Amino acid sequence: MIKVHDIHLSFKKPVLRGVSLEVPHECIYAVIGPGAAGKSVLLKTIAGLLTPDTGQVWIDGEEVTFHDELKLAELRKKIGYLFQNYALFDKSVGDNIAFPLRRLFGNIGEDEIKERVAERLMRMSLPGFEDRNPNSLSGGQKKRIGVARATIMRAPYILYDEPTAGLDPVTSQRICNLIRDEAREQRSTVIVVSSDIQRLLSIADRVGMMLHGQLIFDGTVDEAFASANPYVHQFIRGETEGPL
Amino acid sequence: MSNGTSGALAIPERVGATLLGIAGQAGGIAIMAGQILRRSAPWKVDRYEFIRNMYRMGVKSLPILAATAFFTGAIMVIQAAPLVIRYNARSFVGWSAIYTTFREIGPLLMALMFNGRVGANNTAELGTMAVTEQLDALRALAIDPIAYLVVPRAISIVIILTLLCVIGDFLAIVGAMGMASFMLDVNWMLFLNSSLPRLEVWDFAVGVIKAFLFGIMIALNSCYYGLSTSGGAPGVGRAVNASVVAAASGVFIADYLSTFIMD
């Protein structure tokens, strides 16, 4: 379980203002909201990449906040992370995907690593891409390589930051289906931040809406659609008339 | 009245802000130096990254730094030539060229060239990784960016610049000998016999120690500005600019202090 309690974080001005939420085991939790609402910052805070001014984050009962980098490294082995801009390294596709295995798990042999990389690429519908350079790939392909790298450790917690941003509708739906299928098969707990609401809500179990650094809604997808909150109502339906 | 007061305060305010900025950067560099030292035990250094950086920083810098050293030696002779001819001091030309190259000009010029080539490149690489979230990706993968990226680069920069200074010293002698023979008709036997007995090992060591110190300056500044890059592609450009200027300033400060102490 991921538990966030009363997180405050400021960069000159407040970005997160008292955010609290709980993500149960094996749940796909969608974080939605307009731009600059604090969604990506919340995700980075959960992963321990940003330290909040006040408040706590627990993953599997272990506190993430206020640990030094070396202690956090152990906890991060339980977390897979897809970055908004892919954050692929200047290495081949195969080396990018294998990177966490080679660096973190010295007991896994090279044959097994290659096998697992090939399996991930097959799963991402990119077989035989091991030797390609990420710079030669399209945005959708890079996202899928990012998903492959985030999931190769079979970590129990996976965090996705804008997995469908800038992609065409078909590729976006494929990636969303991939996230859902991976989560079900690996029985992982997933948080997905996205503005692509319709697709995201089609795979999510629960949804939280961020606005101006606050979590203004937390509930099931059905509850979100039935919500009387005018911000949630307008945002989910994509209406131009309303308080947003 | 209020305008006059705010105008009068504007200058000290700006000076104060600049000093605070410099103090903040110096503090940041000092903290990073501590983090590097903490992770520099030989068994902790990533061997693959260390060898990769030694190759691309060292082997690939060798031609340009060799040329710098060769021409530095030659230029020392060209500068001395009018006086050598006027006072018929041919037996001093070798000593003066080697002495100044070993102790000062050689390590200084090579450090500035190295800063422009390797330091700037290092900042640009780390800066690009910072703005494209690759540093965060490393941390998210439980990999410490200081240990994985900074330590191998910093150690490589210091070792490579020190080694290149040693190689460059000998190439500078070759350049000086060639120019002395060409311009002043001083053959290599006379050049060496008139200079080597007047030189001490310490003259050579001073230059090598300086190169080591300059390497530390370039390593710390290029890594610090790279890691603290923000603001996309323009931010990378600003970081490279700041890094080159700060490292060059650091080299001159280290040169001044080390010359003061070792002479």
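The values are calculated or read from the model by the stated rules, or taken from the named source; none is laboratory data. None of the values given here were measured: they were computed from a predicted structure. When we count neighbours, we look across all protein chains shown, and the Cβ atoms used for this are built from the backbone with ideal geometry, even at glycine. The protein model used for the area step is the full one, side chains on, heavy atoms only, and it has no ligands, DNA or RNA in it. Shrake-Rupley method; radii C 1.70, N 1.55, O 1.52, S 1.80 Å.
Under Stokes-Einstein, with the Kirkwood radius over Cα pairs as Rh, the value for the stretch B:157-224 at 4 °C and 1.567 mPa s is 95 µm²/s. Which shape class, rounded, prolate or oblate, goes with the stretch B:114-153 when its Cα gyration tensor gives a ≥ b ≥ c as root eigenvalues, a/c under 1.5 marks rounded, and past that a/b bigger than b/c marks prolate? Since a/c reaches 1.5 but b/c is at least a/b, the shape of the stretch B:114-153 is classed as oblate. The convex hull drawn around the Cα atoms of the protein assembly as shown, when projected onto a plane and averaged over every direction, covers 33.0 nm². Loop-resident trypsin sites (Lys or Arg not before Pro) (DSSP state other than H, G, I, E or B) in the stretch A:7-109 with no more than 12 further Cβ atoms inside 10 Å of their Cβ: A:12. Between A:158, A:216, A:79, where does the largest GNM mean-square fluctuation fall for chain A, given springs only between Cα atoms within less than 10 Å? It is A:216.
Mean sequence separation of contacting Cα pairs (under 8 Å, at least six apart), scaled by the length of the stretch A:87-153, corresponds to a relative contact order of 49 percent. For chain B, with a Gaussian network of springs between Cα atoms less than 10 Å apart, report the residue from B:141, B:161, B:192 with the top mean-square fluctuation. Of the options given, B:141 has the highest mean-square fluctuation.
For the peptide A:80-92, the mean number of other protein chain Cβ atoms found within 10 angstrom of a residue's Cβ is 4. Helical runs assigned H by DSSP (4 residues or longer) give chain B a calculated mean residue ellipticity at 222 nm of -27000 deg cm²/dmol, each run adding -39500 (n - 2.57) before division by the residue total. If you take the Cα centroid of the stretch B:20-92 and the Cα centroid of the stretch A:198-244, the two points sit 58 Å apart. When both bridge partners sit in chain A, DSSP labels roughly 55% of those beta bridges antiparallel. The mean number of Cβ atoms from other chains found within 10 Å of a Cβ in peptide B:138-149 is 6, as a whole number.
The value of relative contact order for the stretch B:47-262, using C-alpha pairs under 8 Å at least six residues apart, is 35 percent. When the Gaussian network model of chain A links Cα atoms closer than 10 Å, the mean-square fluctuations of A:107, A:96, A:133 top out at A:107. Across chain A, the relative contact order, built from alpha-carbon pairs under 8 Å that are at least six residues apart, equals 27 percent.
Across all C-alpha atoms in the stretch A:1-158, the radius of gyration and Dmax reach 17.0, 50 Å. Among the GluC sites (Glu not before Pro) in the stretch A:194-244, those placed in a DSSP loop whose Cβ has at most 11 other Cβ atoms within 10 Å are A:239, A:241. Can you bin the stretch B:1-65 into rounded, prolate or oblate? Criterion: square roots of the alpha carbon gyration tensor eigenvalues sorted a ≥ b ≥ c, rounded for a/c under 1.5, prolate for a/b above b/c, oblate for the rest. Here the stretch B:1-65 falls in the oblate category. May I ask for the Rg/Rh ratio of the stretch B:27-139, computed from Cα atoms with Rh as the Kirkwood radius, given to two decimals? Ratio value, two decimals: 1.17. Protein heavy-atom surface of the stretch B:1-157, 1.4 angstrom probe: 70% of the accessible area is carbon and sulfur, with nucleic acids and ligands not counted.
Between the stretch B:101-140 and the stretch B:198-222, the C-alpha centres lie 18 angstrom from each other. Reported value for the stretch A:118-244: 122 Å³ per residue, from the convex hull of its C-alpha atoms. For the stretch A:4-104, chymotrypsin sites (Phe, Trp or Tyr not before Pro) are listed when DSSP marks them as loop and at most 14 other Cβ atoms sit within 10 Å of their Cβ; the list is A:66. Each distinct pair of alpha carbons in chain B adds a 1/r term; the inverse of their mean, the Kirkwood radius, is 20.3 Å. Over the Cα atoms of the stretch A:143-199, each weighted equally, I'd like the Debye log10 I(q)/I(0) at q = 0.20, 0.22, 0.27 Å⁻¹, rounded to two decimals. Debye curve over Cα of the stretch A:143-199, log10 I(q)/I(0) at q = 0.20, 0.22, 0.27 Å⁻¹: -0.68, -0.82, -1.22. Counts of other chain beta carbons within 10 angstrom of each beta carbon in peptide A:96-107 average 2.
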